[in-house]
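Notes follow once the structure below has been shown.
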Amino acid sequence: MQDTRGLIFDLHCHSTVSDGLLAPEDVAARACANGVDVWALTDHDEVGGIKRAARAARELGMRFVSGVEISVTWANQTVHIVGLGLDEDEPQLVQGLAQTRAGRVRRAREMGERLAAMGMPGAYEGALPLAGNPDLISRTHFARYLVLAGYAPDVQTVFNKYLGDDCEGHVPVRWASLGDALGWIHGAGGRAVIAHPGRYKYTPVQFAGLYEEFRQRGGEGIEVVTGSHRPEQYREYAGVARHYGFLASCGSDFHGPRESRHDLGSLPPLPEGLKPVWHDWF
Ligand code: AMP
Ligand code: MN
Ligand code: MN
Ligand code: MN
């Protein structure tokens, strides 16, 4: 994604510190090779990769923005809030993220039991070694294991059939509240962005409620161009950004080669007339 100065931004992606397939250094190298000028690593509920990513970016001459993608429960559904430009050592952020991660192991065991009852035994034991960070075992690791075990041809099929939000194998979690996530991000000096809004299954009234509450709590931005949106959704969420006065962000949400539809730095520019989340960064 290129801005008016020709800089390429990618402000959303994952490493092995959460559910990505590449180490932070390798994500940095790939972003740089793809021409990214300004890069943020946004692992799920974890800032453990930030210092490694920052060092790698510095060595490659790429600008780096520290980030995180926080799992939030709002109206009984999961919403992801990206924090950008934060101090990864800020104690309340660090403690809040640790709290958010804490339920994952128990949930993973339960997911294993669910999948066993559905005829796919051993998924917890199979997924655990695939998690680079056992604290951060996620549905993605289960999906990769189920592909390796031959239950589905690819990760997307696993989500469509077994692990998606409405599927039998999904064990829902009560994540952080929206207020907590925004408090941690702002307390650490960062900016908050609603990730991939096009993925949520809210009614129009609920969406309006989410945007209003997010704005009222000081939330700044929304992802308009993301690997999770189709081009017509770029236009739809550009409209939301204009309507609510949100800053616009963009990121591939890259998880790994061959697995992700969109590579680092590969997305088109933000639609005209939006104020980017990086407007006053440099
Ligand atoms: P978790 O935090 O363990 O619930 O896992 C969420 C992760 O699973 C997301 O960050 C995505 O990487 C992946 N995911 C969730 N839903 C889908 C879906 N419908 N299609 C593909 N990947 C998904
Ligand atoms: Mn993920
Ligand atoms: Mn997400
Ligand atoms: Mn993501």
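Before moving on, here are some points about what is shown:
- Residue in the range 126-133 that is more than 13 Å from ligand 1 (Cβ to nearest atom) and at pLDDT below 95 present: yes
- Residue within the range 35-42 that is assigned by TED's automatic domain parsing to the domain that holds GLY83, of a type in the set (Ser, Thr, Tyr) and on the phi < 0 side of the Ramachandran plot present: yes
- Output for the range 97-127, where each listed residue is hydrophobic (A, V, I, L, M, F, W, C) and within 27 Å of SER177 (Cα to Cα): LEU97, ALA98, ALA102, VAL105, ALA108, MET111
- Criterion (open to solvent by less than 40 Å² (accessible area, probe 1.4 Å) and small (Gly, Ala, Ser)) met by exactly one of GLY164, GLY132: GLY164
- In this entry, GLU223 is excluded by the filter for residues that are within 22 Å of HIS14 (Cβ to Cβ), under 18 Å from the mean Cα position of the chain (by Cα), within 16 Å of ligand 1 (Cβ to nearest atom) and not assigned by TED's automatic domain parsing to the domain that holds VAL68.
- With respect to the conditions (1) away from ligand 2 (no atom under 16 Å from the Cβ); (2) part of a loop (DSSP other than H, G, I, E, B); (3) closer than 16 Å to VAL47 by Cβ, LYS201 lacks only one, and its number is (3).
- Number of residues in the range 213-235 that are open to solvent by less than 20 Å² (accessible area, probe 1.4 Å), assigned to a helix (DSSP H, G or I) and under 21 Å from GLY179 (Cα atoms): the value is 1.
- Within the range 236-258, one or more residues are more than 16 Å from ligand 1 (Cβ to nearest atom), more than 18 Å from ILE8 (Cα to Cα), open to solvent by 30 Å² or more (accessible area, probe 1.4 Å) and among the acidic types (Asp, Glu).
- Enumeration of residues in the range 15-60 that are among the β-branched types (Val, Ile, Thr) and touching a residue at least 60 places away in the same chain (Cβ under 8 Å): THR16, VAL17, VAL27, VAL36, VAL38, THR42
- Among the residues listed as THR157, THR140, the single one being part of a helix (DSSP H, G or I), within 16 Å of ligand 3 (Cβ to nearest atom), among the hydroxyl-bearing types (Ser, Thr, Tyr) and under 23 Å from the mean Cα position of the chain (by Cα): THR140
- Inspection of the range 25-43 finds no residue satisfying the criterion of being β-branched (Val, Ile, Thr), over 18 Å from PHE254 (Cα atoms) and within 16 Å of ligand 3 (Cβ to nearest atom).
The values are calculated or read from the model by the stated rules, or taken from the named source; none is laboratory data. Everything quoted here is computed from the prediction, not taken from an experiment. So basically every Cβ, Gly included, is an ideal-geometry build from the backbone, and we count neighbours across all protein chains shown. Side chains included, ligands, DNA and RNA excluded: accessible areas come from the protein's heavy atoms. Shrake-Rupley method; radii C 1.70, N 1.55, O 1.52, S 1.80 Å.
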